[in-house]
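> Shown below is the structure under consideration.
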Amino acid sequence: MKLHCQSFQQNVSRRAFLKLGGAGLFGLTFAEVLCAQANGRQPRARQAIFIFLAGGPPQQDMFDMKPDQPLEVRGPFRPIRSNVPGLDICEHLPRLSRCAHQYTVLRSVTSRGYPLAGDHHAGLAWKTGNPRALRGTPKYPMYGSVVAKLRSGPSDMPNFVAMGDVASMAQGLRENYLGPAYDPLYVEMGSRDPRQVDPLTQIIVPQGIAPAEFSRNAELVRSLDQQSRQLDAAGPVISGMDQFQQQAFDILRSPRLREALALDREPRQIRDRYLVEMQGYGRLNYTSRVLAARRLIEAGVPYVYVDFPYWDWHGGVAENNSAGMASLAGLDAALSALLEDLHVRGLLDTTLVMALGEMGRTPRMNRNGPAARDHWGACQFAIMAGGGVRAGQVVGATDAQAAYVRDAEYKVASLGKTMYHLLGIDPDTELHTTDNRPLKLITEDVPLIREVL
Amino acid sequence: MTRLSIVFLTLVGFGFIAPQALAVEPAVPAGPLFSRHVVPIFSKLGCNAGACHGAVQGQNGFRLSLFGMEPVLDHVRLLRDSGGRRINTIDPDASLLLLKASGQSTHRGGMRTTPGSADYRILRDWLGQGAKLDAVEKSLINRLRVSPQEKLGKAGETYPLKVEATFADGTVEDVTALCTFESNNKDVADVDRMGQVRLTGVGDAPIVVRYRSQPALATVLVPGKPLDKFPALVEKNFIDKHIFAKLRKLNIEPSDECDDATFLRRVSLDVTGALPTPDEVRKFLADPDPARRAIKIDQLLEQPGYTAVWATKFADLLKARISYEDFTHQPAQASIRQFYDWTRARLKDNTPYDEMVARMVLATSLDGRSREEWIDEVIESYSDTFSDKIGKSRYVDRKTLDLFWHRFDSVGVKGAVQFAHSFLGLRLQCAQCHRHPSDVWTQDDVLSLSNFFMRTKANTGVMSVKEAGQIKKTLGTGLTATEKNKLTEAAKKFADGGKKLHDQAKAKKGNKADADRLQAEATALAQRAGAITRAIKILEVSYVGHVKGNAFGWASVTSPLGTQNSETFRLLGERDNAKIADEQDPRDLLVKWMRSSDNPFFARAIVNRVWAHYFGRGIVDPPDDLSPLNPPTHPELLQELEDSFVKQQYDLKWLHRTIMNSATYQRSSRTRPTNQFDSRNFASFHPRRMPAEILVDALGQATGVPEVFKAGGAPVAKAIEIPGTIADRMVGNPSVELAFTIFGRPTRNAEALCDCDRENRPALVQSLYLANHPDLLKKISSPKGRLTELLKSQSDDARRIDDLYLWTLSRLPTDAERQICVEHVRKNASVIRGFEGLLWSLLNTREFILNH
């Protein structure tokens, strides 16, 4: 099947294309969609949210606490019981401690052995599931781009939305072998500097034009296109353009995307659960991205990426108003609210949620103040929830200082493979690089994380 | 000579098939042999593909050599690995190998064969006879023959391919059942696993056959139904002769000639990267001269747009992206501009293509002058960085382009691979580590070519201060003390001058204008001083020249498949190694070979690429894959283009003119029933989306609000004139950077050697950009824009509509279109809104964004 798919994909012909009438999205995609879904299994996860904890969230200070160790190892925080027996988590994550049955903590997923393990650019691996380096490796695409290529949501919604910059801390990530067609649509929400509005955000919201007038203009495009009939009978290029234009017009005409992003429509008591006020920091704007992600999922977007920043723990972080404390409080509020809301709406079972960072933190604190730790590539945690994940458990174990994995070590690729598997996408699906080299979605031969299935 | 015999001779010529005279007809061995029969089945079933057990780490603990290139190793792994549990010679059917392959035991790769099938039987028989390894040398392939090699068929027909292999021991065997087959044009022919070809449509198709890692080629041609009357065709030059001949053979009618307005738009976009202005359109449409099209082509080739389009093309192709690790990026930006301007100057002079390339490949920093003169040049060019003379530096007057050797990976194996891609149209990336299944180059070919790139001192892009120091230590090509002093003094002179002016500025307290002017001059001088100081650092690493002997060692590649090196010089396709003395610069021989009249790639690659520029596909396509297994659609045409181009002294403008003056280029994009499915025979013009830069310029021209570009310190007028990439901070305009990104301007990433680096596929964000980007919407309604001006100067709606059509679609509207537009304007609350909607709609039509 695979060989057949590959040759089919490479040779989608002009004739076949015209006969199919450009079914699916356009030419190439159609064949690959067939290939990717050929395994016929009914997946539970249909959509996904990927929360990237930019920087290194400290495993010993959050989900893999070592209270018996000396202070310089265990850090200043104390563990509290969660509602899952055996899982104690940081005292500053109280809400997450009450909904631990809704997620699973992976303590043993590492980027050890990857080109940039322990480096900020390790995001290249965490966001693609492949051993991507800054140079010298294929430009593997992000998970969301792959899903956008192989899945489509409602016609008036984009397939992949990102909030914050996907390439933050992962230089060059926007360049990938799938090309710009599967790049995310960017939605600026909760940026550090509200004056810096990404033009890509404005691109999805009609500017100063009433819906009726927009429709009239769009109609004019149609009639003018019909006049120049000589461009009708062409192949994938024009047909693809037409379909994307149709989708673009639908997005612009439809209130759905705009409404999904209009957070003020959310009842106040629900919205406020996602938001956090920190003394000295004011409101943490970026936590609202998680709320927006939930609303986008409800509106049918297949893949949402959330940049959830500032896990910069080199300096002292345990004072009340430090950035580190803010990150903890923000994640506690937003992630717990997200899981509950998805559950209440019946969406948790079909929505895979993942949260992870670029690296772990050193077993010992540095001298910069309480809980200050530097980069550590050998060990970190990841959270998985929803989408058919077996929740309420801890997978893997680390040594006494949460420095190295002692049990059930899984590489980044295993996590990626498991994610595709849960989404019903065959991780062995082959896509072709710009120089026409066939590459599987997950190139390494790694096991699935069976424990979560 | 037919194209097939050319292919075959080429294959023979490359030396991996060595035909032997057959003395006696030896007997074909009885039972299945591992290397001859079993390994090919692994290839046929896909077991040893890179994505399965052929992967470096194998798959689920079972590893085979990629594409079965190492049968001995495969045998060992199959028998010994996992304690030999994969085979069972007593009860072959119970072998894990067969259970897995036939899906009787869980196999992630699925069911590849069925019990009782021919493949299965061969595997079983081999197992039953003891699973032995045969004498591998005896089964090396001397020759692979497919019949029929060339076939004329008709749609609906089926016929079998037969493949015969001649082995080293002299035996000849029918290996059809052991081959894989692939049709390269499924519009015309399908081929099944057994080599049965089914003809499905009109046209021609190459069929690639592989036995083990050895490929061979067959072709088939399927004419359409005979036409009552083939349209009378007028050949404008030899191109049409070849194109028409094949169309006649296929009974495919070409489309009509395109109209004048379409021609003008097409040729303007293709040559100068710009839409024609309404005046140009009107004038051209009114021109009664029958030679007006040829005249227009000549005129356009003299415009600056032509050099901008092709300098961009060469910068893309050569991955011109330069960056030093000095964190300021200033000198790097200047050097990208110098690279671009140098190329552009050669194009303007219409320097013969072979000479232009020679002046890149043979470049040295000294350029035949003394070191002193070179350093003077560097000082001048670095001083230019911040002056308004930028772009006019003396660098463009250099004979050679030493910046060619400042590109990423310009030397060594990667340098050779880049060179082959840029100038020979070959893809050698895969062959660095393993022979590609559908190409002819071996790893040794690539490494032996790479040795020509091992003796040039270059600055290959990002070099840390440490690396630079290391090179300096090894080679002693750093600056002498005298040279350093000279530079330091130059910097000091500027710094002092700056300081003096600064003091003077301070003194002019009363006169702010004077003080500001002096201060600006002072700053400029200080910046020059800074630039030269940086230059001192950079000069140490930037020197390009030949290094005697093999100070940099021999070409070597280490990949997960192992390490291999070559200690010989050999040019591609040559049988013999070249002898190169230590003091000789191997680049001389390389260039001599490239320019020799019988070089099979050099001229062919450029004529094919130029062709692809005008037609959206090459005569060999993709245009950077001149493999014998990827045959041209029109071999005689390609040959004649190539020969004539060489005869014309590699005159690029001759090539452009010849192609554009052909009737074939001037076809309409409106298809006919007989040619609507054709994609390979140039029967109609296939519309293409405007490239990113050209679209940005077209939007600026259509709306009357052009963009402003910083382009790394110096302004340029058009997007197509921007020398560098976004990553090199050469654009300096966020909305254009966005357009470049989503409409696919190449990132010039040295890792992705592919002409497809320029993205031309459609995307959702592209449609959203055109429909709703705030900057574009602002242009439409700008008080300084085209529309505002038009509404003021012109009061008649119909004429306003005519003008908007001319500015966007480069033609006048039909009566029906005019009517639709008039009605649209009336439907709107205000005339302004109505026309804004109209201009917006025109920019969102297919016709606008397509070159059709």
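No value in this document is a laboratory result; all are computed from the given coordinates. Please read all numbers here as calculations on a predicted model, not as lab measurements. Note that we place each Cβ from the backbone using ideal geometry, even for glycine, and neighbour counts take in every protein chain shown.
> When only alpha-carbon atoms count, how far does the stretch B:672-738 stretch along each of its three principal axes, as whole angstroms with the largest first?
53, 27, 17
> Now, a different point. What lysines sit close enough to B:K784 to cross-link, taking a C-alpha to C-alpha distance under 16 Å and skipping anything fewer than 8 places away on the same chain?
Result set, ordered by chain and number: B:K792.
> When the Cα atoms of the protein assembly as shown are enclosed in a convex hull and the volume is divided per residue, what value in Å³ results? Before the final figure, lay out the partial values.
Values: hull volume 267.6 nm³, N = 1305.
It is 205 Å³ per residue.
> Quick one, can you get me the convex hull of the C-alpha atoms of chain A expressed as volume per residue in Å³? Can you show the working numbers first?
Details: hull volume 65.2 nm³, N = 453.
It comes to 144 Å³ per residue, whole-number rounded.
> Separate question: Expressed in nm to one decimal, what extension gain is obtained for the pair B:D349 and B:R282 from 0.36 nm per residue of sequence separation less their Cα-Cα distance? It would help to have the intermediate numbers written out before the result.
On the way: separation 67, 0.36 × 67 = 24.12 nm, distance 3.07 nm.
This chain segment gains 21.0 nm when fully extended.
> Contact order normalised by length for chain B, with contacts defined as Cα pairs under 8 Å and 6 or more residues apart; what percent is it?
Values: 1441 pairs, mean separation 105.4, N = 852.
In percent, rounded to a whole number, it is 12.
> Would you mind listing how long the stretch A:333-401 runs along its three principal axes, going by Cα atoms, in whole Å with the largest first?
Sorted largest first, the three principal extents are 46, 24, 18 Å.
> Could you work out the mean projected area of the convex hull around the alpha carbons of the stretch A:369-443, in square nanometres to one decimal?
Details: hull surface 31.4 nm².
Taking a quarter of the hull surface, the average projection is 7.9 nm².
> I've got another one for you. Evaluate the relative contact order of chain A (contact order divided by residue number), counting alpha-carbon pairs under 8 angstrom at least 6 apart; express in whole percent.
Relative contact order for chain A comes out at 29 percent.
> Further question: Between the stretch B:782-830 and the stretch B:243-317, what is the C-alpha centre distance in whole Å?
26 Å
> Helix B:71-80 versus the longest principal axis of chain B: what is the Cα-based angle in degrees, 0 to 90, to the nearest 10?
Rounded to the nearest ten degrees, it is 70.
> Filter A:K127/B:K319; A:K411/A:K440; B:K44/B:K100; B:K319/B:K414 down to the pairs with a C-alpha to C-alpha distance above 18 Å, please.
Among A:K127/B:K319; A:K411/A:K440; B:K44/B:K100; B:K319/B:K414, the Cα-Cα distance tops 18 Å for A:K127/B:K319.
> Distance between the C-alpha centers of the stretch A:116-189 and the stretch B:685-727? Whole Å please.
27 Å
> Moving to a separate point now. Report the label-to-label distance for A:N368 and A:D349 in nanometres (one decimal), using points 7 Å from each Cα along the Cα→Cβ vector.
Here the modelled spin labels are 4.6 nm apart.
> Here is a further query. For the stretch B:476-630, count the residues as N, evaluate 2.2 N^0.38 Å, and divide the Cα radius of gyration by that value, please.
Ratio of Cα Rg to 2.2 N^0.38 Å: 1.81.
> Can you work out the FRET efficiency for the pair A:R44 and B:A507, with r the C-beta to C-beta distance and R0 = 60 Å, to the nearest 0.05? Write out the running numbers ahead of the final one.
Working: r = 79 Å, r/R0 = 1.31.
According to the calculation, E is roughly 0.15.
> Can you give the charge dipole size of the stretch B:164-222 about its Cα centre, rounded to the nearest 20 debye, using +1 on the beta carbon of Lys and Arg and -1 on the beta carbon of Asp and Glu?
Working: 5 positive and 9 negative charges, 36 e Å.
Using only the charged Cβ atoms, the result is roughly 180 debye.
> Can you tell which of A:P138, A:P57, A:A371 lies farthest toward the positive end of the dipole of the protein assembly as shown, using +1 and -1 charges on the Cβ of basic and acidic side chains (Lys, Arg; Asp, Glu)?
Highest projection toward the positive end goes to A:A371.
> I would also like to ask the following. If the limit is 21 Å between Cα atoms, which of B:K236/B:K296; B:K313/B:K778; B:K493/B:K710; B:K154/B:K241; B:K399/B:K492; B:K296/B:K653 go over it?
Values: B:K236/B:K296 16 Å; B:K313/B:K778 31 Å; B:K493/B:K710 29 Å; B:K154/B:K241 24 Å; B:K399/B:K492 30 Å; B:K296/B:K653 14 Å.
Correct reply: B:K313/B:K778; B:K493/B:K710; B:K154/B:K241; B:K399/B:K492.
> Related question: Seen from all sides and averaged, what is the projected area of the convex hull of the Cα atoms in the stretch A:291-416, in nm²? Walk me through the intermediate numbers first.
Working: hull surface 34.3 nm².
Computing the convex hull of the Cα atoms and averaging its projections yields 8.6 nm².
> Taking only the alpha-carbon positions of the stretch B:87-196 and ignoring solvent, what does the Debye formula give for the base-10 log of I(q)/I(0) at q = 0.10, 0.13, 0.17 Å⁻¹?
Calculated log10 I(q)/I(0) at the listed q: -0.43, -0.70, -1.00.
> Same structure again: Taking the simple approach of a point 7 Å from Cα along Cα-to-Cβ for both B:K710 and B:A798, what is their distance in nm?
For B:K710 paired with B:A798, the spin-label model returns 5.0 nm.
> How many times 2.2 N^0.38 Å is the alpha carbon radius of gyration of chain B?
On the way: Rg = 31.4 Å, N = 852, 2.2 N^0.38 = 28.6 Å.
Cα Rg divided by the expected 2.2 N^0.38 Å: 1.10.
> Something else about it: What FRET efficiency comes out for B:L79 versus B:S596 if R0 is 45 angstrom and r is the Cβ-Cβ distance? Round to the nearest 0.05. It would help to have the intermediate numbers written out before the result.
On the way: r = 50 Å, r/R0 = 1.12.
About 0.35, to the nearest 0.05.
> Still on this structure, please answer the following. Between B:E257 and B:A481, what is the spin-label point distance in nm, taking each point 7 Å from the Cα along the Cα→C-beta axis?
7.6 nm
> Placing +1 on the Cβ of each Lys and Arg and -1 on the Cβ of each Asp and Glu in chain B, which of B:W441, B:H613, B:W840 has its Cα farthest towards the positive end of the resulting dipole?
Of B:W441, B:H613, B:W840, it is B:W840.
> Once the dipole of the protein assembly as shown is set up with Lys and Arg at +1 and Asp and Glu at -1 on Cβ about the Cα centre, which of B:H546, A:Q401, B:W654 lies farthest towards its positive end?
Of the candidates, A:Q401 comes out farthest on the positive side.
> Restricting to DSSP loop positions (anything but H, G, I, E, B) with no more than 12 other Cβ atoms inside 10 Å of their own Cβ, which trypsin sites (Lys or Arg not before Pro) remain in the stretch B:167-244? Can you show the working numbers first?
Numbers: sites: B:K186, B:R193, B:R198, B:R210, B:R212, B:K229, B:K236, B:K241; in loops: B:K186, B:R193, B:R212, B:K229, B:K236.
Here the sparse-neighbourhood loop sites are B:K229.
> Please compute the Kirkwood hydrodynamic radius over the stretch A:101-189, one decimal place, Å, based on all pairs of different Cα atoms. Write down the numbers at each step before the final one.
On the way: mean 1/r = 0.0704 Å⁻¹.
For the stretch A:101-189, the Kirkwood estimate is 14.2 Å.
> Taking 41 Å as R0, compute the FRET efficiency from the Cβ-Cβ separation of A:V205 and B:V72 and round it to 0.05.
Numbers: r = 64 Å, r/R0 = 1.57.
It comes to 0.05.
> In 5 Å bins starting at zero, report the fraction of Cα pairs in the stretch B:687-792 per bin as a rounded %.
It works out to 2, 12, 21, 23, 20, 13, 6, 2, 1, 0, 0, in whole percents.
> Percent of Cα-Cα pairs more than 21 Å apart in the stretch B:604-728, please. Can you show the working numbers first?
Working: 4305 of 7750 pairs.
It works out to 56 percent of all Cα pairs.
> Taking only the alpha-carbon atoms of the stretch B:189-283, what semi-axes of the equivalent ellipsoid follow from 5 times the gyration tensor eigenvalues under a square root, in whole Å, largest first?
Here the semi-axes work out to 39, 20, 12 Å.
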